[in-house]
Every structure is written in C-alpha cells, then in structure tokens.
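The values are calculated or read from the model by the stated rules, or taken from the named source; none is laboratory data. It should be emphasised that the depicted structure is a prediction, and the values quoted were computed from it without experimental measurement. Cβ atoms come from the backbone with ideal geometry, glycine included; neighbour counts cover every protein chain shown. These area figures cover heavy atoms from the full protein model, side chains too; ligands, DNA and RNA do not enter into them. Shrake-Rupley method; radii C 1.70, N 1.55, O 1.52, S 1.80 Å.
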Amino acid sequence: MPHIAVTIGAGRSPRQLRTLLHEVHAAVLRSVDTRPEHVRVVLHEVPRTHWSTADTTLAELDQETVRPTGPAEPTTPTTPTTPAEPTTPAEPAEPAEAAGEREPS
C-alpha cells in the first residue's frame with residue numbers, strides 16, 4: 001500500500017488542497033501497479049511561521065513580496081503616448097517633382 005506524505009505551507013483554499021490530493025493520488029496510480037483503495041495520501045499543512053528556508057520563514061518571505069524593496073523612486077509627469085500603429089509596408093516615396101498636385105485618375 002503506497003503511503004504518500006505531502007507537507008505544504010498553510011494558506012491554500014480547500015479546493016486547491018483537494019485538487020492536490022486528487023493529483024497525487026492519480027500520479028501514484030499512473031506510476032505503480034496498485035488498486036486505488038490502497039493509495040494513502042496524507043496532507044500536512046504547516047503554519048507559515050513554522051517553516052523556514054535559509055533562516056527566513058515563509059511568513060517573512062510573504063511579507064517581502066508585499067512591501068517595496070526600497071524607497072519609491074520619484075515619478076515625473078510624462079506626456080501621454082499614443083499606441084503605436086500597426087506596421088504596414090511603406091509605400092514608395094514619390095519623386096520630389098511629383099509631390100505637387102496630381103491630375104485625378
């Protein structure tokens with residue numbers, strides 16, 4: 001009987017956790033010859049303050065991604081820009097002497 005333990009930082013929705021359990025179960029069935037009722041998947045949710053990597057907790061990492069990494073740079077007003085027009089092949093330039101009025105065709 002395969003027994004799979006998954007440890008994950010807390011904070012996922014019940015739907016995400018259920019999807020994870022389902023996908024792990026399906027992966028085991030694809031990988032080993034066993035019956036579905038023999039597959040055991042246990043999900044351990046760890047508080048983000050109780051899990052650290054490189055001496056930084058997941059909660060601290062979460063805060064780093066939310067707050068700015070330094071003082072905000074001053075912004076200067078800019079003139080609005082218009083979106084670029086789609087590029088089309090350029091028409092051949094008219095000779096300088098033909099640039100005047102033309103007769104209707």
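Of the residues in the range 5-14, at least one is of a type in the set (Ser, Thr, Tyr) and under 23 Å from the mean Cα position of the chain (by Cα). Contact map, the range 28-54: residues that are closer than 15 Å to HIS3 by Cα paired with residues that are at pLDDT below 95 and surrounded by fewer than 13 Cβ atoms within 10 Å (Cβ to Cβ), Cβ distance under 8 Å, separation 6+ or inter-chain. Pairs shown: THR34/MET1; HIS38/MET1; VAL39/MET1; ARG40/MET1.
Just to verify a result, which residue in the range 1-44, among those that are part of a loop (DSSP other than H, G, I, E, B) and either in contact with a Cys (Cβ under 9 Å, 6 or more places away or on another chain) or among the charged types (D, E, K, R) (or both), is most open to solvent (accessible area, probe 1.4 Å)? Going through the qualifying residues, I end up with ASP33.
Of all residues in the range 53-68, those satisfying the criterion of being open to solvent by 70 Å² or more (accessible area, probe 1.4 Å), on the phi < 0 side of the Ramachandran plot and out of contact with any strand residue (DSSP E or B) (no Cβ under 9 Å at 6 or more places or on another chain) are THR53, GLN63, THR65, VAL66, ARG67, PRO68.
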